[in-house]
Amino acid sequence: MAGSAANQITGDDIISELIRNADAGRFKVRYTVLVPCIFNVYLHPRDYDLIQPIADLIREEAVRALKEHLLGLNKLRAARPFGKRFGSAGEPRPEYKILEKQWVVQFHGDQEERLRPGEIEIYSELGSARPKDFGAGAMTTFITRHNAGDSVTVAGNIDGAQVPARPVLARVRYRDSGMDKTFVMTSEEIVIGRGGKAVWVDLKLEGPADVSREHCRIRRDPKTGNFYIRDLSQFGTTVNGTPIPNSVERNLEVLLPSPAKIALADVCTLEFEVEP
């Protein structure tokens, strides 16, 4: 749980979680890695009241810490040998930056009684508007929540910014860039893959090239509540060890059970589970 003894939250807890969220929400283009710069921090009402007298100071130090973290990422980028960082002499070394001119950190009390004392939930965005050429999908809002001694990173498409307006339909747990993450499915259909400038995906993976830019789609039938999966990849998709038919030229989809282990090209495993 984020907080010290007896679930007592501190400003340092909040700042640490902001940095964790910024790392989880990175969006790689080609020459640039965008870092979230708009943060909405939700706290239990008791904790929110506690920090109110010093909210401006926490915000000021949080922005300072985020700036220092961004500077450190770029220093690390400059210091690492080209090949070691990307494993390929053909790829450029991207620069870490933010879309907006300044960082935004806002604090909110949890009015929905979802958080316990000492818990922190952060919703972040890359910017207030979509960058050009990033595709047609909605901008991803990254959510991190620190509770019960475990940091869970959740990514889901949420229209607007500050609170999730749609119910959670399912969750996809996976490991990416050395971090355990959970994707929250809030729309009837999602696209999974490596993505790209001309290929928008909902769940973006930083996996090897064996994972296609648009690898598979998961769809929920609103009438029956059943979930279906389509393979759109070059190297295939399996569900619980069984290969599913390719749908590149044919509109084929198969029933997706819950829970299910989805393997992308045998190099990346996703654990899918319908929300109870």
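Coordinate-derived values only; no laboratory data. These figures come from a predicted structure and were not determined experimentally.
The table that follows gives values for the structure above.
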item	result
Rounded, prolate or oblate (a/c below 1.5 giving rounded, otherwise prolate when a/b exceeds b/c) for segment 171-220 by Cα gyration tensor	oblate
Contour excess over end-to-end distance, with Cα ends at R114 and V199 and 0.36 nm allotted per residue	27.1 nm
Rg/Rh (Cα only; Kirkwood hydrodynamic radius) as it applies to segment 186-276	0.94
Percent of Cα-Cα distances greater than 13 Å, calculated over segment 22-62	66 percent
Segment 200-267 - percent relative contact order, Cα under 8 Å, separation 6 or more	31 percent
